[in-house]
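The next block holds one structure in the form of structure tokens; read it before the comments.
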Amino acid sequence: MRKLLILLTVTLSLTAHAQKMAVQTAYNYLRYEDYDKAKEAIDGASVNEGTMSSPKTWYYRGLIYQGLFESKNAKFDAIKPGSLKEAYKSFSKAYELDTKKEYQEDILKRFDFISATLLNKGVDEYVAKSYELALGDFETTLEIQNKYFARVDTSAMYNAALASDKMGNNIKAKKYYSELIKMNYGGAKTFDFLTNIYLNEKDTTNALITINAGRQKYPDDNNLIIKGLNIYLSSGRDKEALEQLDAAIAKDPKNANLYFAKGTLKDKLGKTAEAMVLYKSAIENKSDYFDAYYNIGAMYFNEAAELANKANNIPNSKIAEFDLAKKAYENKFKEAQPYLEKAHQLNPTDIPTMSSLRQLYARIGDLVKAGAMKAEMETKK
């Protein structure tokens, strides 16, 4: 019985020694850049009860996988995918087990390298539209920097937000954009991107909260003002829309689109005189603004048509009164004429413009132009 115990002890001792030798063998393969053999040896040691709790095992495993990642030898391409993240996992395990702090200083330097490399790798994957892979690399970078250096890599977080956004992962995208806003990172664009997610989710309440918070920090950003305006307009909140427009015009007084938008809103509210002034301001800032020309022409045309209808209701016995009324609506049609003609010049295929011009010419007695416009309309149908 005593001999059996001695034999068992010797056998166990030899087995443990063999396991430790496997770790050293893996390292020797690493020195000669035989990464396939080194990987096989260290993977075995990392699951063996005799060596799996040793910080050296995991430190060597990290070195081997990092070397594999950096190797330019094509013979290792098949086993290379995921090697950098395996290096990170291995160094993390080594760091945890290294109570004597034998490897920790070197491991921290390697963590810095790994996080920077993963960030660059993630950017390449993002450009290639491999958003899921990119997000994984950005998040690993964030984890390393936070866990081992107690800092936030804002660049990695911003890229993680963009990748999440592209993937349609709104939960993560909102989380990262919100964190970036707290850290004042990304400027007005961060508010803009977060707003877009809320709008896609039909959450106008949080979209407006985000826009207003963005405007407080970036009052000169016209994009946030216009985006808020569009939300107010689409939800029928005219008062707030006008406030947004006034703020936008104050920041960008040469923006023809803002004057046109405000003119449209005033027109909708029945304030036609104010709308007319705003449409003309739009033209002053953009001489080829078709919609502004057309709207002015249409406003004059509608006034003229209303005057013509009233004139038609005057009794035949009141000739003098009718003549005055006729002159009034003809003059109003003539006010519409240059604007509609300019609109037609800018957009020769627009049927509503041609139809209005045809009626206008007929009303003012220019039958030649009315006939020509009718003929032109036929060619556009």
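Numbers below:
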item: Residue among Ala38, Ala94, Ala87 that is surrounded by 14 or more Cβ atoms within 10 Å (Cβ to Cβ), within 46 Å of the chain's Cα centre (by Cα), at pLDDT 95 or above and more than 30 Å from Lys166 (Cα to Cα); result: Ala94
item: Residues of region 16-35 classified as modelled with pLDDT of 90 or more and not hydroxyl-bearing (Ser, Thr, Tyr), total; result: 5
item: Residue count, region 261-281 (criterion: under 34 Å from the mean Cα position of the chain (by Cα) and at positive phi); result: 0
item: Failed item in (1) farther than 26 Å from Val277 by Cα; (2) touching a residue at least 12 places away in the same chain (Cβ under 8 Å), with Tyr293 passing the rest; result: (1)
item: Selected residue (criterion: farthest from Ile211 (Cα to Cα)) from residues of region 234-292 that are touching a Leu at 6+ places or on another chain (Cβ under 7 Å) and acidic (Asp, Glu); result: Asp288
item: Looking only at region 285-320, and only at residues there that are part of a loop (DSSP other than H, G, I, E, B) and at pLDDT 90 or above, the one that is surrounded by the most Cβ atoms within 10 Å (Cβ to Cβ); result: Tyr289
item: Lone qualifier among Asn184, Asn170, Asn200, Asn212 - being touching a Lys or Arg at 6+ places or on another chain (Cβ under 8 Å), among the polar types (S, T, N, Q), surrounded by fewer than 18 Cβ atoms within 10 Å (Cβ to Cβ) and over 17 Å from Gly122 (Cα atoms); result: Asn184
item: Region 86-109, residues that are in a helix (DSSP H, G or I) and either farther than 20 Å from Ala150 by Cα or not charged (D, E, K, R) (or both); result: Glu86, Ala87, Tyr88, Ser90, Phe91, Ser92, Ala94, Tyr95, Leu97, Gln104, Ile107, Leu108
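Residue-wise test of (1) within 18 Å of Asn309 (Cβ to Cβ); (2) among the small types (Gly, Ala, Ser); (3) part of a helix (DSSP H, G or I); (4) touching an Asp or Glu at 6+ places or on another chain (Cβ under 6 Å).
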residue	(1), (2), (3), (4)
Lys326	yes, no, yes, no
Lys334	yes, no, yes, no
Ala343	no, yes, yes, no
Thr353	no, no, yes, no
Tyr361	no, no, yes, no
Lys369	no, no, yes, no
Ala375	no, yes, yes, no
Glu378	no, no, yes, no
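The values are calculated or read from the model by the stated rules, or taken from the named source; none is laboratory data. Remember, predicted model here, so these are calculated numbers, not experimental data. In this analysis, Cβ positions are derived from the backbone assuming ideal geometry, glycine residues included, and neighbour counts consider all displayed protein chains.
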